[in-house]
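Participant: Here it is: the structure, laid out below.
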Amino acid sequence: MLLFSATTQNATAQGGYNGGYNDDYVSYDDYSDGSYQDFYNDLSPYGQWIDDPQYGYVWRPDVDNDFRPYYSRGHWVMTDYGNTWVSDYRWGWAAFHYGRWTYDNYYGWVWIPGSQWAPAWVSWRNGGGYYGWAPLGPGVNISVSLGNNWWGGDFWWTFIPQQYLFSNNFYSYYRGPRYNNTCIRNTTYIYNTNVSNHVTYYYGPRSNEYQRATNQRVNIYKINNERRPGATAVRGNAVSLYRPPIRNNAMVNGRRPAPANAIEAPRAINRPNAVSVNPQTAMPATRPSFNPRDYRNTQQQPVRNNSPLQQNRNNAPVQQQPQQQVRQPRATAPVQNMDNRGMQQMQQQRANQQRMDQQRAAEQQQRATEQQRANQQQLQQQRANQQVQQQRAAEQQRVNQQRMDQQRAAEQQRAQQQVQQQRAAEQQRANQQRMDQQRAAEQQRAQQMQQQRAAQQQQVQQQRAAEQQRANQQRMDQQRAAEQQRTNQQRVEQQRPAPQEERGSDRRR
């Protein structure tokens, strides 16, 4: 399914929970319609169900003191449905994709079930290089504008630099709730919504908005339906999670759904009030005082024994409250039938009874004082444990920060080495090119000089041949002239008269 554009409908989760969501959820072929009983059964091993007079059955998870929804043990991925929360908790398929979260100073974070599925029930903000999100509390309508109010405290928000939104360890870049007031002033709401199966929800920044803001590519995953509840997992290019369609008015065996181990709320959960975007509320410094173990075995309700965690929870020690001693009315005899001795005995009995009542009252006061002292010691121990945990968390965070700094330094060093290697390689290539060019130029000059020498030799040879030819011609001319001269001489001699002697001899002969 593709994401819709920012122009959206006004769709409202009407009314409260345990009956406030509409029931037009389109069921998947892989599932049969479920009910709230699925929530009650599957989440019981991991927390305590509480019967609240305002919201009905709500759930408080057994988690660490620093737990916050959409922050602890999870991360964001982009899917076809928008920004989707991937939780490592085995119960995350329910509490982060159905219903809403709220914070109460007595109980801490509690989850209110709902029947509508979404990739996450959160609100988003953007600005100043930060993305922020916070769980949507009960009563917050999904509309085009949230206005200038927010239902909850500023410590509900998580703000991180934009480039780490899809990082698995985004919490390493979270500056803490004390900076939220400043971040809220410098950011605005993101009103991107999507409609799926008639359900409207905020899906946060679009992929192109994230890419434009961070110059980082976004992987968009598909969602595959798991057949059994469990932790959400990212496998390849898909997110596998359990998301059955829930009918909030479904009957189970002809009975209304109800948790088997629910307790009655010691006090009602406060409904969050709308506060300004510059709230003065701060993150609570100590853990809420509610301890579900003090109430679990006081309820006469059946408890499921098929879970080892549940058995351990039922076997937890329960603090016994001092019982109040109740006086029984004493019968008094008629005064007219009693003598002086009887009056004295009666007065003595009354005095003894008063002393016993005073002793009992003193003992009860002493027990209450000891119980109060024990509670104070327990509270101090809890605070000390919390401080130790905070110190350990701070030390772990420092160690993680140091490790990240070392990794960054190593990466920077590797990057510098790569740059230096690239520069050296480029310099070597440039030198090689210059040497090749010089060799080519020298070879060209040598070829030119050789051609010049060949031309000079050819010219010399031609000159020598011409001179030889001239010399030969001269010799031939001289020979011809000599021969001509001899020929002419012979002719002259032949034409001369012979001497006399020669003639006489010639005659004698």
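Participant: Taking the solvent-accessible surface of protein heavy atoms with a 1.4 Å probe, what is the per residue accessible area of segment 74-142 in Å²?
Facilitator: 15
Participant: Please report the net charge: other residues with Cβ closer than 14 Å to the Cβ of ARG235, K and R +1, D and E -1.
Facilitator: My count for the surroundings of ARG235 gives 0.
Participant: Something else: How far, in nm, would the chain grow between VAL419 and GLN211 when pulled straight, counting 0.36 nm per residue and subtracting the alpha carbon separation?
Facilitator: 72.3 nm
Participant: ALA268 versus ASN225, label points 7 Å from Cα toward the beta carbon: distance in nm?
Facilitator: 4.0
Participant: Can you compute the FRET efficiency between GLN386 and ARG255 using 1/(1 + (r/R0)^6), with r the Cβ-Cβ distance and R0 = 51 Å? Round to the nearest 0.05.
Facilitator: 0.80
Participant: Follow-up question, since we're still on this one. If you take the square roots of the eigenvalues of the alpha-carbon gyration tensor of segment 73-135 and sort them as a ≥ b ≥ c, do you get rounded (a/c under 1.5), prolate (a/b over b/c) or oblate?
Facilitator: Judged from the Cα gyration tensor, segment 73-135 comes out oblate (a/c at least 1.5, b/c at or above a/b).
Participant: Which distance in nm do the two modelled labels at ARG434 and ALA455 give, with both placed 7 Å along the Cα-to-Cβ direction?
Facilitator: 3.2
Participant: At a Förster radius of 56 Å, what calculated FRET efficiency corresponds to the Cβ-Cβ distance of ALA374 and MET404, to the nearest 0.05?
Facilitator: Calculated value: 0.80.
Participant: Rounded to the nearest Å, what's the spacing between the alpha carbon centres of segment 155-188 and segment 436-476? Just the number, please.
Facilitator: When both Cα centres are located, 86 Å separates them.
Participant: Using the basic label-point model (7 angstrom from Cα toward the beta carbon), what is the GLN490 to ARG475 distance in nanometres?
Facilitator: So the two model labels end up 2.3 nm from each other.
The values are calculated or read from the model by the stated rules, or taken from the named source; none is laboratory data. Treat the numbers as computed from the prediction; the structure is a model and nothing was measured. Cβ: placed from backbone, ideal geometry, glycine included. Neighbour counts: every protein chain shown. Accessible surface is based on the protein model in full, side chains and every heavy atom, while ligands, DNA and RNA are left aside. Shrake-Rupley method; radii C 1.70, N 1.55, O 1.52, S 1.80 Å.
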